[in-house]
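J.: Attaching a single structure in structure tokens format; questions to follow.
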Amino acid sequence: MSPQPISASGLSGLPKDTFVGGSLKAFREDPLVFMNELHRRHGDYARFRLGPQKFYALFDPEMLKEAMVTKADAFSKAGAFDEIKRLTGEGLVMSNGELHDRQRRILQPKFTRKHIRRYGEQMAESTQRLTGDWVHGQQRSLTHDLFAITFDIIARTMFSYDSSEQLDRIEKAFDSINRIAVEKMRTLVRVPLFIPTGQNREYLSALQSLDEVVFGIIAKRRESADSDRGDLLSVLMDAVDETDQSGMSDRQLRDELMTMFLAGHETTAHTLAWAFDFVMRYPDVENRLVEEWERVLGGTPPGAEHFNELSYTQNVLWETLRLRPSGYLTGRTAIKDTELGGLPIKRGEALMISPYPLHMSSRYFDDPEAFRPERFENDDVKTLPMMAYFPFGAGPRSCIGNHFAMLEMVIIFASIGQKFRLRHIPGHPPVTYEALMTLTPKGGIRVTVERR
Ligand code: HEM
């Protein structure tokens, strides 16, 4: 893998307790390079300003643990990432306070390691069906295929919804929203949505397309005689408020569905795309994977029962998440005055948090730029400080879908890999990233598929 260059314009070499001006340009150019550079220049934390907002970027595992775990109640997720709320509303990713705690309590039991095992069969079935027409020697868009598979899985397992007829429309809508929302979040002066610019019209029409899909799912379920399907939608629809015994409004249901769709497909699709990209570049890793798939699966499709034994497959994914953490950036805003590692943080000040600079630090990882799944085989990783490696976040706002994601990725990766060898199409440029809502392979990845 070629290391990403470290350079960022607009950063001055001021001491970390000075608010750095001119950060917006560097942040807009590439937030990952920006965060790495802050870490390299300032060490454990840095202070900077994006427009009027003061931020702290944290790189010290202890400070991160305080911010995300032990003092999590001093922070909310409002603030710089509010644009995402247009899509997810008050769903789990962006809600705060009591509403978040209640919704998390309702949803959590459906995401335990034990519970998600039941989705293994559907994960395998979707992968088999959607790769069923792959032909030896054919060129395909890997990123599109992985979108189709992961979306099919989240839609069927969570909401018993067959998305096949709407898939192109949904993919296009998510793509538009992703690009436009990220651009808006990185701009200080945003053109209000009621002004009919071309970009605003595209944004609103994409939001409307997704709303139609999601409200359609809810309406159909409300009409259905057989409304209890045992899926996540049934759990949400059956939940009643402890205080007034009311059920969830269609709006809250819409927000939770939209949140699961958003959080639950692109993160896994892109991690898998990066994993295949690494495997195509590292033949030794591919050989070890093929050996494991033959030994553990012996030609049968993978399922939840194989998960533990597919340990090298898991390690390839853990290593991919280290170098390409799809949830590469998050934020918090202090809702009261507090301290992190003795550093005072005032109410209204914000935190910018990325696992990437820690994942790339030689303090925690030997030869950090090398793709070496073996590093997850020994106990070294277990002895790292808690927040030196955190692709799924930590604390009360950690990823609720982490077990779902790992099982899904292992099944998709092994299902495709045991049957097909993927090769970059000749002349394919090295894949670089685009820091959108998740860490996205820029321009997609095109491959030739060969039957093994
Ligand atoms: C490789 C796959 C995935 C990665 C890397 C990932 C990463 C993350 C991270 C870092 C967070 C925490 C963000 C923060 O601290 O602000 C998060 C939260 C969340 N993730 Fe994931 N995620 C993945 C897959 C999934 C899947 C498959 C689902 C759903 C099935 C999901 C649903 C959620 C939800 C609902 C939250 C918000 C939790 C809360 O605030 O209570 N994620 N994810």
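Just so it is clear, none of the values below were taken in a lab; they were calculated from the coordinates. It should be emphasised that the depicted structure is a prediction, and the values quoted were computed from it without experimental measurement. Glycine gets a Cβ as well: all are built from the backbone with ideal geometry, and neighbour counts include every protein chain shown.
J.: Tell me, which residue of the range 60-115 that is surrounded by fewer than 19 Cβ atoms within 10 Å (Cβ to Cβ) and of a type in the set (Val, Ile, Thr) is farthest from the ligand (Cβ to nearest atom)?
T.: Ranking the qualifying residues of the range 60-115, first place goes to THR70.
J.: For residues in the range 292-331 being of a type in the set (D, E, K, R) and more than 29 Å from ASP30 (Cα to Cα), which is surrounded by the fewest Cβ atoms within 10 Å (Cβ to Cβ)?
T.: Result: GLU305.
J.: Of the numbered conditions (1) within 23 Å of MET63 (Cβ to Cβ); (2) within 11 Å of the ligand (Cβ to nearest atom); (3) assigned to a helix (DSSP H, G or I), GLY393 fails exactly one; give the number of that condition.
T.: Only one criterion is unmet by GLY393, namely (3).
J.: What residue, of THR157, THR143, is part of a helix (DSSP H, G or I) and in contact with a strand residue (DSSP E or B) (Cβ under 8 Å, 6 or more places away or on another chain)?
T.: When all the criteria are applied, what remains is THR143.
J.: Moving on. In the range 134-177, which residues are within 15 Å of the ligand (Cβ to nearest atom), under 23 Å from LEU253 (Cα atoms) and of a type outside the set (Gly, Ala, Ser)?
T.: Selection gives THR150, PHE151, ASP152, ILE153, ILE154, ARG156, THR157, MET158, PHE159, TYR161, PHE174.
J.: Among the residues of the range 292-304, are any of a type in the set (Phe, Trp, Tyr) and within 16 Å of the ligand (Cβ to nearest atom)? Let's see the steps before the verdict.
T.: Filtering the range 292-304 down to residues of a type in the set (Phe, Trp, Tyr) leaves 293.
Filter once more, so that each one left must be within 16 Å of the ligand (Cβ to nearest atom): none.
No: zero hits.
J.: Can you pull out every residue in the range 396-430 that is over 24 Å from the mean Cα position of the chain (by Cα) and among the aliphatic types (A, V, I, L, M)?
T.: ILE425
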